Amino acid sequence: MTRNGDTESVTVITSFKRLQPEILIGTQQFYPVYLLLLNLSFDHHNTQMEENPSTGGSNDPSLYSNRDPEAINSLVVCFGEMLIDFVSSIPGVSLAEAPAFEKAPGGGYAYAPANVAVGISRLGGSSAFIGKVGSDQFGYMLADILKKNNVNNSGMRFDHNARTALAFVSLKNNGEREFLFFRNPSADMRLQESELDVNLIKQAKVFHFGSISLIDEPCRFTHLAAMAIAKKSGSILSYDVNLRLPLWPSPEGAREGIMSVWDQADVIKHFKGRVGGVKVKPVDTTGAGDAFVGGILSILASDINLYEDEKRLREALVFANACGAVVVTKKGAIPAMPSKEEVKQILKLEA
C-alpha cells in the first residue's frame with residue numbers, strides 16, 4: 001500500500017521484545033506498521049473447539065457469511081466498536097469549512113473491528129461482530145449493514161441510554177484526515193459482560209480485537225472476559241494495536257492499557273522482513289488498516305499453519321497490502337472494503 005508514491009511495507013514482529021511500548025505511543029501521527037498477532041504457544045491440532053454450545057442461536061449456519069461447513073469452521077469473530085464517519089463532501093477544507101458531509105458507516109478513526117468483519121466477508125470468509133450500538137436509527141442501520149454484508153450480527157447489543165458513536169471527518173488533499181469524534185459516552189463503551197454472546201465467541205477460529213475497547217469501563221472488563229473465553233476455547237487471538245491518543249486519558253495510560261493484554265495475544269514467529277506495496281493514488285486512507293487485517297485474517301483462518309511457509313506468508317501479506325491499497329482509492333471504510341476479485345485485479349495490474 002502506498003501514499004504519495006512511497007511504498008508502505010508491512011513488518012511482522014517475531015517476538016514481543018522486538019517492539020517496545022515507547023514506539024507504540026511515541027507520536028500521535030504516524031503511518032502504522034501493521035501487526036498481526038497470532039498463536040503459536042499452544043497445539044492447534046489438539047485443542048478442540050466446544051462442539052455443543054450451551055445456549056442456542058449463534059451456531060445456526062444461516063447466520064454466517066458462507067454456508068458451507070468449512071467456512072463456518074474458519075469463523076473470525078471481531079470484538080469492539082462500530083461507528084459512522086461523516087466525511088466532508090469537499091477535500092482540502094477544514095471541518096468548519098466543509099459545506100456538507102457524506103455518511104460512511106464503519107468508522108476508520110478507531111480502526112473499528114466491524115470494518116475487519118466486513119472486509120473478511122467481502123473476501124469470501126466467514127465473520128461475526130460483537131459490540132454495542134445505540135438503540136437509534138444509526139445503530140439499527142449499522143446492524144443491517146452487517147447483515148447485508150453477510151456478517152453474523154447476532155452478537156450486537158443495543159443501548160437505550162447511549163447513542164451510536166459518530167465521527168466527522170475532513171479529508172486533506174493528500175487523503176489524510178481531520179476528525180471531530182462524538183463518544184462521551186457512546187454505546188460501544190457500555191457493553192456489559194452479561195451481554196456477551198458466549199456461544200459465538202467459543203466458535204471462533206480467530207478472535208480479533210483492538211485497543212479502543214480497553215479504554216473505558218465497563219467495556220474494558222467485558223473485553224477481557226471475551227478474550228478469556230476465546231483463549232479457553234482454543235481461538236487464535238488477533239490484536240490490532242491501534243493507537244489513538246486523544247481517546248486515552250494520557251500517554252502513560254495508553255501505554256499501560258495497550259500493553260495490559262500484550263502477553264495474551266498470539267504472535268507469528270519464524271518470519272521477519274518487508275513485502276512490497278501497491279502503488280495507488282489515495283483518495284481517503286480511512287479503513288486501510290482494517291482492510292489489511294481483514295485480508296490476512298481471511299487467509300489465516302483457513303490456514304493456521306501459514307507461518308510455517310515463508311513463501312505463502314509473504315504472498316498472504318502482499319494480498320493483504322493490496323486489500324488496503326484498494327480501500328484508499330475510495331471514500332469511507334465499510335463501503336470501500338474490496339472483493340477478492342478487486343484485489344486480484346490490482347495485483348495483476350501491479351505485476
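Taken together, the values in this text are just the output of simple stated rules run on the coordinates, not laboratory data. Just so we're clear, the structure is a prediction, and the values are computed from it rather than from any experiment. Reconstructed Cβ throughout: ideal geometry from the backbone, glycine too, with neighbour counts over all protein chains shown.
Multiply the residue separation of residue 351 and residue 89 by 0.36 nm, subtract the distance between their alpha-carbon atoms, and state the gained length in nm to one decimal.
Contour length minus the Cα-Cα distance gives 91.0 nm.
For the range 320-329, just list the computed ³J(HN,Hα) in residue order, Karplus coefficients 6.51, -1.76 and 1.60, θ = phi - 60°, integers in Hz, with x standing in for Gly and Pro.
After applying 6.51 cos²θ - 1.76 cosθ + 1.60, I find 5, 4, 5, 4, x, 5, 4, 4, 6, 8 Hz.
Given a Förster radius of 25 Å and the C-beta distance between residue 308 and residue 256 as r, what FRET efficiency does 1/(1 + (r/R0)^6) yield to the nearest 0.05?
Step by step, r from the Cβ atoms, then E = 0.15.
Between residue 178 and residue 264, how many nm apart are label points set 7 Å from Cα along the C-beta direction?
So the two model labels end up 3.9 nm from each other.
Cα to Cα, under 30 Å, and not fewer than 8 places away if on the same chain: which lysines meet these conditions relative to residue 232?
17, 132, 147, 202, 205, 269, 272
So what is the relative contact order of the range 139-262, in percent, for Cα pairs below 8 Å that sit 6 or more residues apart?
19
With charges only on Cβ, +1 for K and R and -1 for D and E, what is the dipole size of the range 81-350 about its Cα centre, in debye, rounded to 20?
Result for the range 81-350 is approximately 600 debye, rounded to the nearest 20.
Please report, for the Cα atoms of the range 81-350, the Rg to one decimal and the Dmax as a whole number; what are they, in angstrom?
Calculated on Cα positions, Rg and Dmax stand at 17.9, 52 Å.
Arrange the peptides 232-245, 183-196 so that the one whose residues have, on average, the most other Cβ atoms within 10 Å appears first.
Top to bottom by mean Cβ count within 10 Å: 232-245, 183-196.
Using θ = phi - 60° and the Karplus relation 6.51 cos²θ - 1.76 cosθ + 1.60, list the HN-Hα couplings for the range 205-214 in order, rounded to whole Hz, with x at every Gly or Pro.
Here the 3J(HN,Hα) series is 6, 10, 10, 10, 8, x, 10, 4, 6, 9 Hz.
Take the alpha carbon atoms of the range 132-197, find their radius of gyration, then divide it by 2.2 N^0.38 Å using N residues; give the quotient.
The range 132-197 yields a ratio of 1.30.
At a threshold of 8 angstrom on Cα-Cα distance, excluding pairs fewer than six apart, so keeping six or more, what relative contact order does the range 81-350 reach in percent?
It comes to 21 percent, rounded to a whole number.
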